[in-house]
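In what follows, a structure is listed as structure tokens, so that the remarks can point back to it.
The values are calculated or read from the model by the stated rules, or taken from the named source; none is laboratory data. Note that the structure is predicted; figures quoted are calculated from it, not measured. Neighbour counts run over all protein chains shown; Cβ positions are idealised from the backbone, glycine included. All accessible areas refer to the heavy atoms of the entire protein, side chains included, with ligands and DNA or RNA removed. Shrake-Rupley method; radii C 1.70, N 1.55, O 1.52, S 1.80 Å.
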Amino acid sequence: MLVYLLFGTAFGFILSRSGAADYNYIQGMFLLEEFQLYGIIGTAVALTAPGLWLIKRVGRTWRGPVRLDPRPFNRGNVAGGLLFGVGWSIAGMCPGPIFVNVGEGKIHALAALAGALVGAGAFGALYGRLQQAFRLPPLVVGTGQG
Amino acid sequence: MPLILNGLPPLHWAAAGAGIAAVTLLLLVLANRRLGISSGFEDVCSLVLRQSYFRREGLLSTRRWRLPFVVGLVAGGFLSAAAGGGWTPTWALGMFDERIGLGPAGKLAWMFAGGLFIGFGTRLGGGCTSGHGIFGMSNLELPSIVTTLSFMAGGLVTTQLLYRVVFA
């Protein structure tokens, strides 16, 4: 448990100091006026991709064999992505930075967190009804970790 | 541009990106966990909600690591503030204050509405910037690439409308 707490703390600190948890930088990204976030995500993907390739080639981790189950595409990917994008713009935070901004002492972030929990709760409660419309995986699987 | 947080200078984007990659890869190598934060909302929901969606094994088995991880995110934000000029509760929101300019009550309502979209949208899409944008794209997963393009498009259109049309 402690190791995950430490991973989260390191990740949160980086998000906090990078601009990824900063309202102005998020709007600057969507206004196409600030390169910062594109640089961050681009660098992260450019370095994570070869790392993942290597880990999968080795086939195992410290805690057993690598299992990265492929996630089937469904209509929720596009619809959910669009809705999330609208929310990211409105709040100026994506999920990680919501938690980070709460820690930084930004009071309004508590409202974003409350909204996100209600939104996720509503999604789970309505899963049975949304499943058919969006061709979502069976309930035991869910839409996947992410 | 300084951060809203205590006017601190931001990390260089390459350093921040490398740090994010390091945490992502170490999380997989040391703990065999796939980075993904938006599922953390479901984990928190599962502490109080009793619907079958929140009782499934896949969720209960991964919340053991993801709950401490998201608590760590809060701690990281706190440390960052405390070590960088001091921790003080604040309503400061940069260009939102200059252009949209709602007071505390309006800001809470605005943020709650944004949060609803984020919570519902990320779970319908099966992930957020971390799970799809960083991990899934790095793993060349088609659903992640499609979802990432979708949320970038949603954010782009919304911000352009807000700052170039409605509050121009």
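Listed values, structure above:
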{"quantity": "Under 16 Å from the residue A:46 label point (7 Å along Cα→beta-carbon), backbone N, the range B:15-31", "calculated": "B:15-22"}
{"quantity": "Accessible-area composition of the protein assembly as shown, carbon plus sulfur, in percent [1.4 Å probe]", "calculated": "70 percent"}
{"quantity": "Acute angle (nearest 10 degrees) that the helix B:13-31 long axis makes with the longest principal axis of chain B, alpha-carbon atoms", "calculated": "20 degrees"}
{"quantity": "Under the span-like rule (Cα at least 20 Å along the axis, Kyte-Doolittle mean at least -0.5), DSSP H helices of chain A", "calculated": "A:2-18, A:36-58, A:75-91, A:108-125"}
{"quantity": "A:1, B:152, reordered so the largest accessible area comes first (probe 1.4 Å)", "calculated": "A:1, B:152"}
{"quantity": "Per residue convex hull volume, Cα atoms of chain A, in Å³", "calculated": "149 Å³"}
{"quantity": "Packing-based ranking, highest mean first, of A:61-74, B:32-45, A:11-24 given that Cβ atoms within 10 Å are counted", "calculated": "A:11-24, B:32-45, A:61-74"}
{"quantity": "Cα→Cβ-extended label distance, 7 Å offset, between residue A:131 and residue B:48, nm", "calculated": "2.6 nm"}
{"quantity": "Between helix B:57-83 and chain B: long-axis angle, C-alpha atoms, 0 to 90°, nearest 10", "calculated": "30 degrees"}
{"quantity": "For chain B, built as a Gaussian network whose Cα springs stay under 10 Å, the top-fluctuating residue of B:80, B:61, B:52", "calculated": "B:52"}
{"quantity": "Number of partner chain Cβ atoms within 10 Å, mean per residue of B:2-13", "calculated": "6"}
{"quantity": "Cα pair distances in chain B, grouped into 5 Å bins until the bin that holds the longest one, percent each", "calculated": "1, 7, 11, 16, 19, 20, 15, 8, 3, 0"}
{"quantity": "Hull volume in cubic angstrom per residue (convex hull over the Cα atoms of the range B:20-109)", "calculated": "158 Å³"}
{"quantity": "Of A:136, A:83, A:113, the one that fluctuates the most in a GNM where chain A has Cα springs shorter than 10 Å", "calculated": "A:83"}
{"quantity": "Accessible surface, the range B:1-88, averaged per residue in Å² (probe 1.4 Å)", "calculated": "39 Å²"}
{"quantity": "Sequence of B:135, A:35, B:112 when ordered by accessible area, the most exposed leading, probe 1.4 angstrom", "calculated": "A:35, B:112, B:135"}
{"quantity": "Residue A:56 accessible area, assembled protein chains, probe 1.4 Å, Å²", "calculated": "90 Å²"}
{"quantity": "C-alpha long axis of helix B:142-161 to longest principal axis of chain B, angle in °", "calculated": "20 degrees"}
{"quantity": "Contact surface A-B: accessible area buried, both sides summed, square angstrom, 1.4 angstrom probe", "calculated": "10400 Å²"}
{"quantity": "For the range A:61-75 and the range B:1-62, distance of Cα centres in Å", "calculated": "17 Å"}
{"quantity": "Surface/4 of the Cα convex hull for the protein assembly as shown, nm²", "calculated": "14.3 nm²"}
